[in-house]
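Rule-based calculations on the coordinates, nothing more; no lab input. As the structure is a computational prediction, the values presented were derived from the model and not from experiment. Here the Cβ is made from the backbone with ideal geometry for all residues, glycine too, and neighbour counts use every protein chain on show.
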């Protein structure tokens with residue numbers, strides 16, 4: 001399964017159209033169904049809403065898709081693995097039209113996920129998926145720019161374990177309590193195409209008028225390419241072609257690098273069969289994910305690293321009561337929370353010297369903003385396109401989700417189930433054949 005995420009299953013349903021997420025936060029729902037907006041889909045896990053995603057786009061505390069609860073909670077790379085790991089998933093149901101009465105909060109697709117529970121026997125699985133640049137050819141751009149092969153590392157590892165809780169017999173049953181534990185971790189170092197950016201030239205650094213300005217220019221990587229020349233009108237020119245063709249203080253820096261990301265998800269589910277007609281479960285899920293990317297390219301400083309971190313916590317408690325053969329009641333309560341942290345740091349990539357705190361921190365750096373604190377410093381270099389910023393932004397989406405619901409089902413006669421569902425069954429090695 002591509003990416004070990006349920007997104008590839010959603011695209012199998014008719015009427016589904018992918019909607020790539022833009023850098024400004026557009027199309028946060030990732031896909032649209034039957035022409036609906038991408039923020040019109042509704043996700044549930046074990047019967048409760050998973051549309052509690054936190055997002056920093058759209059401002060701090062303003063009304064947007066995240067604060068309105070119309071986008072699903074994903075990890076930092078947009079995967080749903082932070083809610084349910086693939087090996088922790090018992091069934092996924094995707095409805096795109098003709099919904100039953102219990103659906104309808106959103107007009108788009110209704111995606112319902114059910115997690116796995118333990119069985120009468122102990123079963124478990126361990127797995128590891130990997131990729132490595134030692135198995136790949138060098139990128140064409142890396143060969144052309146002579147930057148060398150950037151690192152590629154992908155490791156997806158984890159396992160599941162489920163079975164009975166060894167307790168004394170209850171109500172004549174040997175096994176009446178069950179557990180299911182799941183863990184999945186991933187580490188990804190993704191190579192980026194080699195790019196050329198503009199940095200201060202050696203002459204510009206040496207001729208800086210003050211100590212502070214020299215420290216600012218030294219915060220850029222050292223140039224490894226030719227100096228830039230412009231004429232009186234600002235157009236590029238070759239040195240020596242005109243008396244007006246002068247060095248403008250910039251030079252090229254070409255580099256190749258890799259951006260790392262990580263994700264760690266674990267969950268524990270406990271099930272209790274109190275009687276033949278009464279069951280109870282509780283499930284806790286914790287997910288931590290992070291990503292770092294260099295601010296390379298035109299107008300960027302490759303020594304600046306942008307960090308994004310997302311943490312997700314969910315706790316679900318549910319019961320099922322079979323009152324009669326035709327009357328079933330399900331009651332579920334849930335508490336969910338997701339926080340995001342966006343920050344920027346600087347390192348010594350390409351020979352850059354990080355700015356000292358005396359330059360970064362003014363006497364009054366704190367500006368209060370709703371949902372956290374924002375610190376912003378902007379410095380202007382001595383030539384064109386050198387404006388950079390060092391910032392650390394914290395954002396937490398308020399409020400957290402607290403939800404309780406009860407669903408009473410009455411069956412009057414047998415009927416055909418429609419529309420068809422997409423179901424994931426456990427591997428044969430994990431099924432209970434007793």
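Some notes on this structure:
- Protection proxy ranking of 120-131, 157-168 - average other beta-carbon atoms within 10 Å, highest first: 157-168, 120-131
- Net length available on complete extension from residue 405 to residue 348 is 15.2 nm, with 0.36 nm assigned per residue and the Cα-Cα distance removed.
- Distance between segment 279-300 and segment 173-248 - C-alpha centres, whole angstrom: 25 Å
- Sorting 253, 181 from the fewest to the most surrounding beta carbons within 10 angstrom yields 181, 253.
- Likely footprinting exposure, 149, 277, fewest C-beta neighbours within 10 Å first: 277, 149
- Calculated FRET efficiency, residue 157 to residue 233, Cβ-Cβ distance, R0 = 41 Å: about 0.10 to the nearest 0.05.
- 25 °C / 0.890 mPa s Stokes-Einstein diffusion coefficient of segment 193-342, Kirkwood radius on C-alpha pairs, µm²/s: 117 µm²/s
- Linear extension gain, residue 12 paired with residue 207, 0.36 nm per residue minus alpha-carbon span: 64.1 nm
- Among 13, 38, 8, sorting on how many other beta-carbon atoms sit within 10 Å of each Cβ, with the fewest leading, yields 8, 13, 38.
- Label-point separation in nm, residue 128 to residue 103, each point 7 Å along Cα→Cβ: 4.1 nm
- Bins of 5 Å from zero: percent of alpha-carbon pairs in segment 197-255: 4, 22, 24, 21, 18, 10, 2
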